[in-house]
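Data block below; observations after.
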C-alpha cells in the first residue's frame, strides 16, 4: 500500500493490528503480545492478512485509528472540489473507499491532494539504463519492453 497526501508520502507505521507489549528492532515488530487479523510489521506498506480473513481497507484504517472517507485520509483533507482517490492494481476504485478488499498482492494506492505523476517507464519515457542494470529495481521484461535491455548486473 502506498499513501500520497498533499505532496507527501505517508508510511503505514509498524505495529498496526498488534497488541502491546511489542518489541521493535530497527523499526520492525519482532514480537507482540497478540497479532490481529491484519498487521503491519514494518513501515513498508505491506499489510499481512491472516489466511481466510476477508478484510477491507476500512478494517485497516479502523485498526490504525485513522479516518478514511472521500473527505479525509488520516489527518489530511483534499483541496476544495476534489476527494480522496484510490487505485487498485493501477485502476481507479469505483466503489466506497472502505470497501476495497485486502487481497493477496494487491497494489493499493491512496491519494489526497495533487495527483502524483506516474514514475515508471512509459512509451514516451523509457526506463533509464541504470534501472535495467539492477535486477532489484526492474525486471528484464520491463527493460526489454522499454527497449533498453542490458545484461550488466542482471
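The values are calculated or read from the model by the stated rules, or taken from the named source; none is laboratory data. Here the structure is a predicted model, which is why all the values come from computation and not from measurement. Positions of Cβ are backbone-derived with ideal geometry, glycine not excepted, and every protein chain shown enters the neighbour counts.
Of all residues in the stretch 11-40, those that are assigned by TED's automatic domain parsing to the domain that holds residue 64 and in contact (Cβ under 8 Å) with a residue 60 or more places away in the chain have Cβ atoms under 8 Å from Cβ atoms of residues that are crowded, with 16+ Cβ neighbours inside 10 Å and in a strand (DSSP E or B), 6 or more apart or on another chain, in 38/49. The set of residues from the stretch 2-11 being outside any strand (DSSP E or B) and either out of contact with any strand residue (DSSP E or B) (no Cβ under 7 Å at 6 or more places or on another chain) or modelled with pLDDT of 95 or more (or both) comprises 7, 11. Of all the residues in the stretch 61-85, those that are surrounded by 17 or more Cβ atoms within 10 Å (Cβ to Cβ), outside any loop (DSSP other than H, G, I, E, B) and in contact with a helix residue (DSSP H, G or I) (Cβ under 9 Å, 6 or more places away or on another chain) number 4.
Annotation: residue 129 fulfils all but one of (1) out of contact with any helix residue (DSSP H, G or I) (no Cβ under 6 Å at 6 or more places or on another chain); (2) modelled with pLDDT of 95 or more; (3) farther than 19 Å from residue 43 by Cα; the unmet one is (2).
Looking only at the stretch 17-60, filter to residues that are part of a strand (DSSP E or B) and in contact with a helix residue (DSSP H, G or I) (Cβ under 7 Å, 6 or more places away or on another chain); which one of those is farthest from residue 108 (Cα to Cα)?
Step by step, filter the stretch 17-60, then rank; the result is 38.
Of the set (1) within 20 Å of residue 4 (Cβ to Cβ); (2) under 18 Å from the mean Cα position of the chain (by Cα); (3) without any contact (Cβ under 8 Å) to a residue 24 or more places away in the chain, all apply to residue 62 but (1).
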